[in-house]
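In what follows, a structure is listed as C-alpha coordinates, so that the remarks can point back to it.
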Amino acid sequence: MSAAAEEHGHPPTHDESAQKQPRGRGSTIADVVFRDPEPVDDEARAIRVDVARLLLRAPTLPLELPMFGFRLVDVALDKGGVDLLLGWESPVARLRVEAARKPEALVELGKGPARPKVVSTSIVETHAAAARIRAGMAKLAERVEGAVTQEVWERAFARAKDHLKLPVGVPVGFYRQIIAGVGRPEGIIRVGFRCNQDCGICWQDRDWGRFGAEQTLRWIEDFGAAGVRSLIISGGEPTLDPDLERYIRRAHEVGISQVTLETNAIQFHKAGYVERIRDAGIHAAFVSLHSGDPEVSDAITRAPGTHARTVKGVLALLAGGVDVKFNAVMTQEGLDHLAGLPDFIHSTFGAYRAHVLGLMLSYPAESYDPSLAPTIIPEPTQLRAVLRETIARAVALGVPLNGLDSPCGAQLCAFDADPRFASPRPIPEVVDFRNIYLPACDTCAVKRACFGLRDTDVKLYGEACVAPLGASPRLA
Ligand code: SF4
(Lines give C-alpha, C1' and ligand atoms only; values in the text may rest on other atoms or scores of the structure.)
Protein backbone atom coordinates (compact mmCIF):
# COMPACT_ATOMS: atom_id res chain seq x y z
CA MET A 1 0.00 0.00 0.00
CA SER A 2 1.27 3.25 0.25
CA ALA A 3 1.47 2.58 3.69
CA ALA A 4 0.37 5.59 5.31
CA ALA A 5 -1.32 6.99 2.32
CA GLU A 6 -4.02 4.51 2.90
CA GLU A 7 -4.82 5.49 6.38
CA HIS A 8 -4.46 9.13 5.81
CA GLY A 9 -7.86 9.38 4.54
CA HIS A 10 -8.70 12.37 2.67
CA PRO A 11 -7.89 14.93 3.45
CA PRO A 12 -4.75 13.34 4.81
CA THR A 13 -3.79 15.08 7.93
CA HIS A 14 -1.50 13.44 10.32
CA ASP A 15 0.20 15.35 13.01
CA GLU A 16 3.34 13.67 14.07
CA SER A 17 4.33 16.12 16.73
CA ALA A 18 1.19 17.72 17.99
CA GLN A 19 1.25 15.59 21.03
CA LYS A 20 2.69 17.57 23.89
CA GLN A 21 3.20 20.61 21.68
CA PRO A 22 1.02 23.66 21.83
CA ARG A 23 -1.41 23.78 18.97
CA GLY A 24 -0.83 26.54 16.47
CA ARG A 25 -3.39 28.56 14.62
CA GLY A 26 -4.82 27.88 11.21
CA SER A 27 -3.66 31.25 9.96
CA THR A 28 -0.05 30.10 10.04
CA ILE A 29 -0.75 27.75 7.18
CA ALA A 30 1.04 28.73 4.01
CA ASP A 31 -0.85 30.04 1.04
CA VAL A 32 0.45 27.95 -1.83
CA VAL A 33 -0.13 28.88 -5.43
CA PHE A 34 -0.13 25.58 -7.26
CA ARG A 35 0.66 25.46 -10.95
CA ASP A 36 -1.88 22.78 -11.74
CA PRO A 37 -1.99 20.99 -15.07
CA GLU A 38 -4.64 21.55 -17.66
CA PRO A 39 -7.61 19.24 -17.15
CA VAL A 40 -7.25 15.96 -19.00
CA ASP A 41 -10.94 15.81 -19.92
CA ASP A 42 -10.40 16.59 -23.60
CA GLU A 43 -7.68 13.98 -23.95
CA ALA A 44 -9.83 11.42 -22.16
CA ARG A 45 -12.81 12.22 -24.34
CA ALA A 46 -10.73 11.80 -27.50
CA ILE A 47 -9.72 8.34 -26.32
CA ARG A 48 -13.34 7.38 -25.65
CA VAL A 49 -14.31 8.54 -29.15
CA ASP A 50 -11.45 6.43 -30.54
CA VAL A 51 -12.79 3.36 -28.77
CA ALA A 52 -16.34 4.06 -29.98
CA ARG A 53 -15.01 4.44 -33.51
CA LEU A 54 -13.14 1.16 -33.34
CA LEU A 55 -16.00 -0.85 -31.89
CA LEU A 56 -18.97 0.79 -33.58
CA ARG A 57 -17.53 3.03 -36.27
CA ALA A 58 -18.96 5.90 -34.25
CA PRO A 59 -17.43 9.17 -35.46
CA THR A 60 -18.41 11.11 -32.38
CA LEU A 61 -20.04 10.92 -28.96
CA PRO A 62 -22.90 10.98 -28.25
CA LEU A 63 -24.14 9.26 -31.40
CA GLU A 64 -27.70 8.61 -32.52
CA LEU A 65 -28.31 4.96 -33.45
CA PRO A 66 -31.75 5.16 -35.10
CA MET A 67 -31.64 1.61 -36.41
CA PHE A 68 -31.52 0.37 -32.80
CA GLY A 69 -33.80 2.99 -31.28
CA PHE A 70 -31.44 4.70 -28.85
CA ARG A 71 -28.28 6.70 -28.60
CA LEU A 72 -24.70 5.76 -27.73
CA VAL A 73 -24.34 8.28 -24.93
CA ASP A 74 -20.72 7.63 -23.97
CA VAL A 75 -18.14 4.94 -23.39
CA ALA A 76 -16.76 3.87 -20.01
CA LEU A 77 -13.42 2.12 -19.80
CA ASP A 78 -11.85 -0.02 -17.12
CA LYS A 79 -9.11 -2.59 -16.91
CA GLY A 80 -11.50 -5.43 -17.76
CA GLY A 81 -13.25 -4.05 -20.82
CA VAL A 82 -15.49 -1.42 -22.33
CA ASP A 83 -19.01 -0.33 -21.44
CA LEU A 84 -21.11 1.21 -24.20
CA LEU A 85 -23.52 3.51 -22.39
CA LEU A 86 -26.90 3.41 -24.08
CA GLY A 87 -29.97 5.55 -23.66
CA TRP A 88 -31.19 8.97 -24.70
CA GLU A 89 -30.22 12.12 -22.76
CA SER A 90 -28.52 9.91 -20.19
CA PRO A 91 -27.73 6.19 -20.13
CA VAL A 92 -30.31 3.62 -19.11
CA ALA A 93 -28.19 0.54 -19.79
CA ARG A 94 -24.65 -0.61 -20.43
CA LEU A 95 -23.50 -3.00 -23.10
CA ARG A 96 -20.43 -4.58 -21.59
CA VAL A 97 -17.77 -5.69 -24.08
CA GLU A 98 -14.97 -7.96 -22.90
CA ALA A 99 -12.49 -10.36 -24.43
CA ALA A 100 -14.27 -13.62 -25.19
CA ARG A 101 -13.32 -16.31 -22.71
CA LYS A 102 -14.00 -19.08 -25.20
CA PRO A 103 -12.73 -17.96 -28.55
CA GLU A 104 -13.87 -21.22 -30.15
CA ALA A 105 -17.44 -19.89 -30.35
CA LEU A 106 -18.11 -18.92 -33.95
CA VAL A 107 -19.76 -15.79 -35.22
CA GLU A 108 -21.06 -14.98 -38.67
CA LEU A 109 -21.78 -11.60 -40.03
CA GLY A 110 -23.08 -10.88 -43.49
CA LYS A 111 -21.61 -13.02 -46.23
CA GLY A 112 -18.20 -13.56 -44.66
CA PRO A 113 -17.02 -16.92 -43.31
CA ALA A 114 -17.71 -17.84 -39.71
CA ARG A 115 -14.78 -17.09 -37.38
CA PRO A 116 -13.97 -17.41 -33.67
CA LYS A 117 -15.67 -14.86 -31.50
CA VAL A 118 -13.20 -12.27 -30.19
CA VAL A 119 -15.42 -10.42 -27.74
CA SER A 120 -18.40 -11.34 -25.66
CA THR A 121 -21.09 -8.94 -24.52
CA SER A 122 -23.56 -8.61 -21.70
CA ILE A 123 -26.31 -6.11 -21.04
CA VAL A 124 -26.73 -4.37 -17.69
CA GLU A 125 -29.92 -2.36 -17.32
CA THR A 126 -29.46 0.61 -15.02
CA HIS A 127 -32.89 2.20 -15.38
CA ALA A 128 -36.42 0.84 -15.80
CA ALA A 129 -36.66 2.58 -19.18
CA ALA A 130 -34.11 0.11 -20.53
CA ALA A 131 -36.93 -2.41 -20.93
CA ARG A 132 -38.11 -0.41 -23.95
CA ILE A 133 -34.90 -0.99 -25.87
CA ARG A 134 -34.10 -4.59 -25.03
CA ALA A 135 -34.59 -5.79 -28.60
CA GLY A 136 -32.37 -3.03 -29.97
CA MET A 137 -29.66 -3.71 -27.43
CA ALA A 138 -29.69 -7.42 -28.29
CA LYS A 139 -29.25 -6.53 -31.96
CA LEU A 140 -26.40 -4.18 -31.16
CA ALA A 141 -24.73 -6.84 -29.02
CA GLU A 142 -24.90 -9.28 -31.89
CA ARG A 143 -23.49 -6.66 -34.25
CA VAL A 144 -20.53 -5.93 -31.96
CA GLU A 145 -19.69 -9.59 -31.43
CA GLY A 146 -19.82 -10.19 -35.14
CA ALA A 147 -17.83 -7.16 -36.22
CA VAL A 148 -14.98 -6.88 -33.74
CA THR A 149 -11.85 -8.64 -34.93
CA GLN A 150 -8.81 -9.47 -32.86
CA GLU A 151 -6.90 -6.53 -34.27
CA VAL A 152 -9.73 -4.09 -33.59
CA TRP A 153 -10.18 -5.35 -30.04
CA GLU A 154 -6.47 -5.06 -29.28
CA ARG A 155 -6.42 -1.49 -30.54
CA ALA A 156 -9.53 -0.57 -28.57
CA PHE A 157 -8.23 -2.17 -25.41
CA ALA A 158 -4.86 -0.43 -25.78
CA ARG A 159 -6.72 2.88 -25.95
CA ALA A 160 -8.70 1.90 -22.86
CA LYS A 161 -5.41 1.40 -21.04
CA ASP A 162 -4.28 4.86 -22.15
CA HIS A 163 -7.47 6.21 -20.64
CA LEU A 164 -6.83 4.47 -17.34
CA LYS A 165 -3.47 6.18 -17.00
CA LEU A 166 -5.12 9.58 -17.05
CA PRO A 167 -6.22 11.13 -13.77
CA VAL A 168 -9.80 11.48 -14.91
CA GLY A 169 -12.24 12.49 -12.21
CA VAL A 170 -9.66 12.50 -9.41
CA PRO A 171 -9.66 15.82 -7.52
CA VAL A 172 -6.35 17.57 -7.99
CA GLY A 173 -6.20 18.14 -4.24
CA PHE A 174 -5.60 14.43 -3.82
CA TYR A 175 -2.21 14.90 -5.46
CA ARG A 176 -0.99 17.94 -3.58
CA GLN A 177 -2.28 19.74 -0.56
CA ILE A 178 -1.49 21.51 2.62
CA ILE A 179 -2.30 19.28 5.54
CA ALA A 180 -5.26 20.59 7.49
CA GLY A 181 -5.57 20.81 11.23
CA VAL A 182 -1.92 20.64 12.25
CA GLY A 183 -1.41 24.36 12.66
CA ARG A 184 1.79 24.66 10.69
CA PRO A 185 2.59 24.71 6.99
CA GLU A 186 3.17 21.12 6.02
CA GLY A 187 2.62 19.81 2.53
CA ILE A 188 1.82 16.41 1.14
CA ILE A 189 2.41 15.24 -2.38
CA ARG A 190 1.07 11.98 -3.78
CA VAL A 191 3.05 10.71 -6.68
CA GLY A 192 0.28 8.37 -7.83
CA PHE A 193 -1.92 5.64 -6.43
CA ARG A 194 -0.23 2.45 -7.56
CA CYS A 195 0.63 0.17 -4.67
CA ASN A 196 2.11 -3.22 -3.87
CA GLN A 197 -0.51 -3.75 -1.20
CA ASP A 198 -4.27 -3.43 -1.36
CA CYS A 199 -5.51 -2.36 2.04
CA GLY A 200 -9.26 -2.38 2.54
CA ILE A 201 -8.79 0.69 4.71
CA CYS A 202 -7.52 2.72 1.79
CA TRP A 203 -9.57 5.70 0.65
CA GLN A 204 -8.02 5.57 -2.81
CA ASP A 205 -8.82 3.60 -5.94
CA ARG A 206 -5.72 1.72 -7.01
CA ASP A 207 -6.62 2.46 -10.63
CA TRP A 208 -6.66 6.23 -10.37
CA GLY A 209 -4.32 7.75 -12.93
CA ARG A 210 -1.46 10.16 -12.33
CA PHE A 211 -0.03 13.33 -13.78
CA GLY A 212 3.61 12.26 -14.10
CA ALA A 213 7.01 13.24 -12.79
CA GLU A 214 7.32 16.73 -14.26
CA GLN A 215 4.04 17.84 -12.71
CA THR A 216 5.02 16.34 -9.38
CA LEU A 217 8.30 18.28 -9.48
CA ARG A 218 6.39 21.47 -10.33
CA TRP A 219 4.15 21.05 -7.28
CA ILE A 220 7.16 20.47 -5.05
CA GLU A 221 8.60 23.74 -6.33
CA ASP A 222 5.28 25.43 -5.54
CA PHE A 223 5.46 24.23 -1.96
CA GLY A 224 9.01 25.53 -1.67
CA ALA A 225 8.12 28.91 -3.17
CA ALA A 226 5.31 29.28 -0.62
CA GLY A 227 7.66 28.73 2.28
CA VAL A 228 6.64 25.20 3.15
CA ARG A 229 9.58 23.59 4.89
CA SER A 230 8.12 20.20 5.69
CA LEU A 231 6.87 17.85 3.00
CA ILE A 232 5.47 14.34 3.04
CA ILE A 233 5.91 12.31 -0.11
CA SER A 234 3.23 9.68 -0.36
CA GLY A 235 1.20 7.64 -2.80
CA GLY A 236 0.00 4.94 -3.47
CA GLU A 237 3.34 3.52 -2.63
CA PRO A 238 5.92 6.18 -3.56
CA THR A 239 8.84 3.77 -3.70
CA LEU A 240 7.30 2.26 -6.84
CA ASP A 241 7.94 5.55 -8.63
CA PRO A 242 11.31 5.50 -10.39
CA ASP A 243 11.56 9.28 -10.00
CA LEU A 244 11.35 9.29 -6.21
CA GLU A 245 14.95 10.39 -5.72
CA ARG A 246 14.39 13.34 -8.05
CA TYR A 247 11.42 14.47 -5.96
CA ILE A 248 13.38 14.32 -2.74
CA ARG A 249 16.34 16.19 -4.21
CA ARG A 250 14.13 18.83 -5.77
CA ALA A 251 12.44 19.41 -2.42
CA HIS A 252 15.78 20.22 -0.84
CA GLU A 253 16.76 22.42 -3.78
CA VAL A 254 13.69 24.59 -3.21
CA GLY A 255 14.30 24.98 0.50
CA ILE A 256 12.20 22.20 1.99
CA SER A 257 14.33 20.94 4.83
CA GLN A 258 12.23 18.06 6.09
CA VAL A 259 11.12 15.36 3.68
CA THR A 260 9.22 12.43 5.13
CA LEU A 261 8.42 9.39 3.07
CA GLU A 262 5.17 7.55 3.65
CA THR A 263 5.81 3.97 2.70
CA ASN A 264 5.14 0.35 3.48
CA ALA A 265 8.94 -0.14 3.37
CA ILE A 266 8.70 -3.27 1.25
CA GLN A 267 11.10 -1.95 -1.38
CA PHE A 268 13.75 -1.13 1.19
CA HIS A 269 14.77 -4.73 1.60
CA LYS A 270 16.36 -4.50 -1.85
CA ALA A 271 20.13 -4.07 -1.82
CA GLY A 272 21.25 -0.47 -2.10
CA TYR A 273 17.80 1.09 -2.04
CA VAL A 274 18.04 2.48 1.49
CA GLU A 275 21.30 4.22 0.64
CA ARG A 276 19.87 5.77 -2.54
CA ILE A 277 16.80 7.20 -0.86
CA ARG A 278 18.63 8.20 2.30
CA ASP A 279 21.31 10.01 0.35
CA ALA A 280 18.71 11.83 -1.70
CA GLY A 281 17.71 13.37 1.62
CA ILE A 282 14.76 11.89 3.44
CA HIS A 283 14.30 13.12 6.95
CA ALA A 284 12.39 10.05 8.12
CA ALA A 285 10.27 7.16 6.91
CA PHE A 286 6.70 6.90 8.09
CA VAL A 287 5.95 3.20 7.82
CA SER A 288 2.60 1.50 8.01
CA LEU A 289 2.61 -1.43 10.34
CA HIS A 290 -0.89 -2.28 11.41
CA SER A 291 -0.14 -5.29 13.51
CA GLY A 292 2.72 -7.28 14.92
CA ASP A 293 0.88 -10.43 13.90
CA PRO A 294 1.81 -11.34 10.30
CA GLU A 295 -1.54 -12.95 9.53
CA VAL A 296 -3.56 -10.04 10.85
CA SER A 297 -1.32 -7.54 9.09
CA ASP A 298 -1.52 -9.39 5.77
CA ALA A 299 -5.30 -9.57 6.09
CA ILE A 300 -5.49 -5.82 6.63
CA THR A 301 -3.18 -5.07 3.72
CA ARG A 302 -4.72 -7.84 1.57
CA ALA A 303 -1.22 -8.67 0.42
CA PRO A 304 -0.04 -12.04 1.69
CA GLY A 305 3.58 -12.21 2.77
CA THR A 306 4.12 -8.48 2.87
CA HIS A 307 4.30 -8.15 6.66
CA ALA A 308 7.58 -10.06 6.59
CA ARG A 309 8.89 -7.86 3.79
CA THR A 310 7.89 -4.70 5.59
CA VAL A 311 9.77 -5.87 8.67
CA LYS A 312 12.84 -6.60 6.56
CA GLY A 313 12.57 -3.21 4.89
CA VAL A 314 12.28 -1.43 8.22
CA LEU A 315 15.32 -3.25 9.57
CA ALA A 316 17.24 -2.13 6.47
CA LEU A 317 16.13 1.46 6.96
CA LEU A 318 17.14 1.46 10.61
CA ALA A 319 20.46 -0.19 9.88
CA GLY A 320 21.03 2.48 7.27
CA GLY A 321 20.55 5.17 9.87
CA VAL A 322 17.12 6.34 8.72
CA ASP A 323 14.65 7.37 11.41
CA VAL A 324 11.39 5.44 11.29
CA LYS A 325 8.00 6.25 12.69
CA PHE A 326 5.36 3.55 12.55
CA ASN A 327 1.77 4.08 11.73
CA ALA A 328 -0.94 1.66 12.74
CA VAL A 329 -4.54 2.09 11.74
CA MET A 330 -6.88 1.00 14.49
CA THR A 331 -9.10 -1.23 12.40
CA GLN A 332 -11.73 -3.53 13.81
CA GLU A 333 -10.03 -6.54 12.24
CA GLY A 334 -6.75 -5.69 13.95
CA LEU A 335 -8.12 -4.56 17.30
CA ASP A 336 -7.56 -7.85 19.15
CA HIS A 337 -3.84 -7.59 18.43
CA LEU A 338 -3.28 -3.85 18.70
CA ALA A 339 -2.13 -3.92 22.32
CA GLY A 340 0.64 -6.32 21.26
CA LEU A 341 2.09 -3.89 18.75
CA PRO A 342 4.29 -1.91 21.16
CA ASP A 343 5.80 -5.22 22.31
CA PHE A 344 6.41 -6.26 18.71
CA ILE A 345 8.11 -2.97 17.90
CA HIS A 346 10.18 -3.14 21.05
CA SER A 347 11.35 -6.70 20.50
CA THR A 348 11.87 -6.49 16.72
CA PHE A 349 13.42 -3.07 16.34
CA GLY A 350 14.66 -2.34 19.85
CA ALA A 351 18.30 -2.70 18.79
CA TYR A 352 17.84 0.50 16.80
CA ARG A 353 16.00 2.35 19.51
CA ALA A 354 17.67 5.67 18.73
CA HIS A 355 16.15 5.66 15.24
CA VAL A 356 12.65 4.53 16.22
CA LEU A 357 10.66 7.72 16.56
CA GLY A 358 7.52 6.09 17.81
CA LEU A 359 4.14 4.75 16.87
CA MET A 360 1.30 6.78 15.50
CA LEU A 361 -2.17 5.41 16.11
CA SER A 362 -4.50 6.49 13.33
CA TYR A 363 -8.21 6.14 13.04
CA PRO A 364 -9.51 4.58 9.82
CA ALA A 365 -10.61 6.96 7.11
CA GLU A 366 -13.62 6.20 4.99
CA SER A 367 -12.66 3.33 2.74
CA TYR A 368 -12.89 3.58 -1.04
CA ASP A 369 -15.15 0.55 -0.71
CA PRO A 370 -17.75 1.66 1.85
CA SER A 371 -19.13 -1.86 2.18
CA LEU A 372 -16.00 -2.72 4.18
CA ALA A 373 -16.83 -0.26 6.96
CA PRO A 374 -18.05 -2.89 9.49
CA THR A 375 -14.73 -4.75 9.29
CA ILE A 376 -12.75 -1.54 9.45
CA ILE A 377 -14.35 0.95 11.82
CA PRO A 378 -13.55 -0.05 15.40
CA GLU A 379 -16.41 -0.73 17.78
CA PRO A 380 -16.10 2.16 20.27
CA THR A 381 -16.39 0.24 23.54
CA GLN A 382 -13.82 -2.31 22.46
CA LEU A 383 -11.59 0.45 21.12
CA ARG A 384 -11.59 2.23 24.48
CA ALA A 385 -10.51 -0.94 26.28
CA VAL A 386 -7.85 -1.77 23.69
CA LEU A 387 -6.43 1.73 23.65
CA ARG A 388 -6.02 1.75 27.43
CA GLU A 389 -4.03 -1.49 27.16
CA THR A 390 -2.03 -0.31 24.15
CA ILE A 391 -1.10 2.95 25.83
CA ALA A 392 -0.08 1.10 28.98
CA ARG A 393 2.22 -1.24 27.03
CA ALA A 394 3.75 1.57 24.99
CA VAL A 395 4.45 3.62 28.12
CA ALA A 396 5.89 0.62 29.94
CA LEU A 397 8.23 -0.18 27.04
CA GLY A 398 9.17 3.39 26.22
CA VAL A 399 7.64 3.33 22.74
CA PRO A 400 6.53 6.92 22.06
CA LEU A 401 2.92 7.23 20.92
CA ASN A 402 1.74 9.98 18.59
CA GLY A 403 -1.22 11.30 16.79
CA LEU A 404 -4.03 10.13 19.00
CA ASP A 405 -5.44 13.65 19.33
CA SER A 406 -4.61 14.75 15.78
CA PRO A 407 -7.15 14.98 12.95
CA CYS A 408 -6.13 11.45 11.97
CA GLY A 409 -6.57 10.17 15.49
CA ALA A 410 -9.59 9.11 17.49
CA GLN A 411 -12.17 11.11 19.38
CA LEU A 412 -10.61 12.08 22.71
CA CYS A 413 -12.97 9.95 24.77
CA ALA A 414 -11.68 6.86 22.96
CA PHE A 415 -8.57 7.13 25.11
CA ASP A 416 -10.02 9.04 28.06
CA ALA A 417 -8.33 12.16 26.70
CA ASP A 418 -5.24 10.83 28.45
CA PRO A 419 -3.30 14.03 29.18
CA ARG A 420 -0.04 12.38 28.17
CA PHE A 421 -1.37 12.14 24.62
CA ALA A 422 -3.98 14.84 24.27
CA SER A 423 -3.47 18.56 24.02
CA PRO A 424 -5.79 20.58 26.26
CA ARG A 425 -5.91 23.40 23.75
CA PRO A 426 -8.78 24.08 21.38
CA ILE A 427 -8.41 22.49 17.96
CA PRO A 428 -6.60 24.86 15.59
CA GLU A 429 -9.23 24.50 12.90
CA VAL A 430 -12.22 22.39 11.99
CA VAL A 431 -11.48 19.51 9.64
CA ASP A 432 -14.37 18.74 7.38
CA PHE A 433 -14.15 14.95 7.51
CA ARG A 434 -14.73 14.72 11.26
CA ASN A 435 -16.69 17.57 12.68
CA ILE A 436 -19.68 15.70 14.06
CA TYR A 437 -20.57 16.05 17.74
CA LEU A 438 -23.46 14.19 19.30
CA PRO A 439 -25.80 15.83 21.84
CA ALA A 440 -23.90 14.08 24.65
CA CYS A 441 -20.74 15.92 23.58
CA ASP A 442 -22.23 19.13 24.96
CA THR A 443 -21.58 17.85 28.45
CA CYS A 444 -18.01 16.81 27.64
CA ALA A 445 -15.21 18.73 29.32
CA VAL A 446 -12.85 18.35 26.35
CA LYS A 447 -15.19 19.17 23.51
CA ARG A 448 -13.22 22.23 22.39
CA ALA A 449 -10.04 20.16 22.12
CA CYS A 450 -11.72 17.33 20.21
CA PHE A 451 -11.94 17.19 16.42
CA GLY A 452 -15.16 15.21 16.74
CA LEU A 453 -16.52 12.13 15.02
CA ARG A 454 -16.66 10.86 11.48
CA ASP A 455 -19.89 10.33 9.66
CA THR A 456 -19.34 6.59 9.14
CA ASP A 457 -18.72 6.00 12.85
CA VAL A 458 -21.97 7.65 13.82
CA LYS A 459 -23.90 5.72 11.18
CA LEU A 460 -22.45 2.45 12.42
CA TYR A 461 -22.40 2.91 16.18
CA GLY A 462 -24.50 5.98 17.02
CA GLU A 463 -24.41 7.15 20.64
CA ALA A 464 -21.94 4.41 21.54
CA CYS A 465 -19.24 6.46 19.81
CA VAL A 466 -19.01 8.88 22.69
CA ALA A 467 -18.24 8.68 26.39
CA PRO A 468 -18.29 12.30 27.55
CA LEU A 469 -15.54 13.20 29.95
CA GLY A 470 -15.86 15.08 33.20
CA ALA A 471 -13.81 18.12 34.12
CA SER A 472 -10.16 17.46 34.68
CA PRO A 473 -7.60 19.82 36.15
CA ARG A 474 -5.49 19.42 32.98
CA LEU A 475 -8.12 19.21 30.33
CA ALA A 476 -10.94 21.46 31.41
S1 SF4 B 1 -17.72 13.00 24.03
FE2 SF4 B 1 -17.73 14.06 22.06
S3 SF4 B 1 -16.50 15.90 22.42
FE4 SF4 B 1 -16.06 14.51 24.11
S5 SF4 B 1 -14.26 13.42 23.47
FE6 SF4 B 1 -16.03 12.18 22.84
S7 SF4 B 1 -16.47 12.81 20.74
FE8 SF4 B 1 -15.14 14.35 21.63
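Classify the range 423-467 as rounded, prolate or oblate, taking a ≥ b ≥ c as the square roots of the eigenvalues of its Cα gyration tensor: rounded when a/c is under 1.5, otherwise prolate if a/b is larger than b/c and oblate if not.
In terms of gyration-tensor shape, oblate.
For the range 289-398, what's the relative contact order in percent, using C-alpha pairs closer than 8 Å and at least 6 residues apart? The partial results should precede the final answer.
Numbers: 131 pairs, mean separation 35.0, N = 110.
Relative contact order for the range 289-398 comes out at 32 percent.
Using 1/(1 + (r/R0)^6) with R0 = 56 angstrom and r between the beta carbons of Arg384 and Ala114, what's the FRET efficiency to the nearest 0.05?
0.25
Which entries of Lys161/Lys459; Lys79/Lys117; Lys79/Lys459 have Cα-Cα distances beyond 31 Å here? Mind showing how you got there, number by number?
On the way: Lys161/Lys459 37 Å; Lys79/Lys117 20 Å; Lys79/Lys459 33 Å.
The answer is Lys161/Lys459; Lys79/Lys459.
State the Cα centre-to-centre distance between the range 233-281 and the range 36-91 in whole Å.
Cα centroid to Cα centroid, the span is 39 Å.
Which of the helices in the chain, when you take each full DSSP H run, stretch at least 24 Å along the axis at their Cα atoms and have an average Kyte-Doolittle score of 0.0 or higher?
Helices meeting the criterion: 380-397.
Just name one of Leu412, Thr390, Pro374: the one whose Cα is farthest towards the positive end of the charge dipole of the range 364-418 (beta-carbon charges, Lys/Arg +1, Asp/Glu -1).
Checking the options against the dipole of the range 364-418, the answer is Thr390.
Find the accessible area per residue for the range 157-300; the probe is 1.4 Å, ligands and nucleic acids are left out, and the unit is Å².
Here the per-residue accessible area is 33 Å².
In nm, give the distance between the simple-model label positions of Asp78 and Glu275, each being 7 Å from the Cα along the Cα-to-Cβ direction.
4.5
Write out the trypsin sites (Lys or Arg not before Pro) in the range 379-411 meeting two conditions: DSSP loop, and at most 16 other Cβ atoms within 10 Å of their Cβ.
none
Amide H neighbours of Ala93 under 5 Å, counting only residues 5+ apart in sequence or on other chains, H built in-plane at 1.01 Å?
HN-HN under 5 Å from Ala93: Leu86, Thr126.
Can you compute the modelled spin-label distance between Arg132 and Thr60, with each label point 7 Å from Cα toward Cβ, in nm?
About 2.4 nm, to one decimal.
For the range 379-410 and the range 336-357, what is the centre-to-centre distance using only Cα atoms, to the nearest Å?
14
Of the heavy-atom accessible surface of the chain (probe 1.4 angstrom), what whole percent is carbon and sulfur?
53
Subtract the Cα-Cα distance of Ala396 and Lys312 from 0.36 nm times their separation in residues, and report this length gain in nm to one decimal.
Values: separation 84, 0.36 × 84 = 30.24 nm, distance 2.54 nm.
That pair, Ala396 and Lys312, stretches by 27.7 nm at full extension.
In terms of Cα to Cα distance under 15 Å, which aspartates and glutamates are near enough to Lys165, apart from those fewer than 8 places away along the same chain?
Asp41, Asp42, Glu43, Asp78, Asp205, Asp207, Asp241
Arrange the residues Lys117, Lys312, Lys270, Lys325 by how much accessible surface each exposes, largest first, with a 1.4 angstrom probe.
Descending accessible area places them as Lys312, Lys270, Lys117, Lys325.
The values are calculated or read from the model by the stated rules, or taken from the named source; none is laboratory data. This is a predicted model, so every value here is computed, not measured. Glycine gets a Cβ as well: all are built from the backbone with ideal geometry, and neighbour counts include every protein chain shown. Quick note on the areas: whole protein, heavy atoms, side chains included, nothing else; ligands and nucleic acids left out. Shrake-Rupley method; radii C 1.70, N 1.55, O 1.52, S 1.80 Å.
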